[in-house]
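The values are calculated or read from the model by the stated rules, or taken from the named source; none is laboratory data. Here the structure is a predicted model, which means the values were calculated and not measured. A quick note on method: Cβ atoms are made from the backbone with ideal geometry, for glycine too, and the neighbour counts reach across all protein chains shown.
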Amino acid sequence: MEAAEIEAFIKEAMPDAQVQINDLAGDGNHYSARVISKAFKGLSRVRQHQLVYAALKGRMGGVLHALALETSAPDDSPNS
């Protein structure tokens, strides 16, 4: 699975998301992703990750072997 595909699935589910994908092993199977979205506001980290996995529509563990996630809601402070 290509990094661009992962990003596209996440952005389809969360259009406001800022997504950064890194191929950890150069094999197209092990990635890390940093996802920032308003959809995560007020949610636990586990629930945030579940939303990202749901966006991948069943590809996690199959086509996509490993995805290390870092998720957060955007910082709403006036200085950001």
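When you check A66 against the structure, is it closer than 16 Å to F9 by Cα and loosely packed, with under 14 Cβ neighbours inside 10 Å, yes or no? Here the answer is yes, as A66 does meet what is asked.
Matching residues to (1) in a loop (DSSP other than H, G, I, E, B); (2) buried (at least 17 other Cβ atoms within 10 Å of the Cβ); (3) aliphatic (A, V, I, L, M):
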{"residue": "F9", "(1), (2), (3)": "no, yes, no"}
{"residue": "D16", "(1), (2), (3)": "yes, no, no"}
{"residue": "N22", "(1), (2), (3)": "no, no, no"}
{"residue": "D27", "(1), (2), (3)": "yes, no, no"}
{"residue": "Y31", "(1), (2), (3)": "no, yes, no"}
{"residue": "V46", "(1), (2), (3)": "no, no, yes"}
{"residue": "A54", "(1), (2), (3)": "no, no, yes"}
{"residue": "D75", "(1), (2), (3)": "yes, no, no"}
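The set of residues in the range 33-44 that are surrounded by 14 or more Cβ atoms within 10 Å (Cβ to Cβ) and assigned to a helix (DSSP H, G or I) comprises A39, F40.
Restricting the range 10-49 to residues that are in contact with a helix residue (DSSP H, G or I) (Cβ under 9 Å, 6 or more places away or on another chain) and of a type in the set (D, E, K, R) leaves a set whose member that is nearest to A68 (Cα to Cα) is D23. Of the residues making up the range 1-44, just one is basic (K, R) and either modelled with pLDDT under 95 or touching a Leu at 6+ places or on another chain (Cβ under 9 Å) (or both), namely R34.
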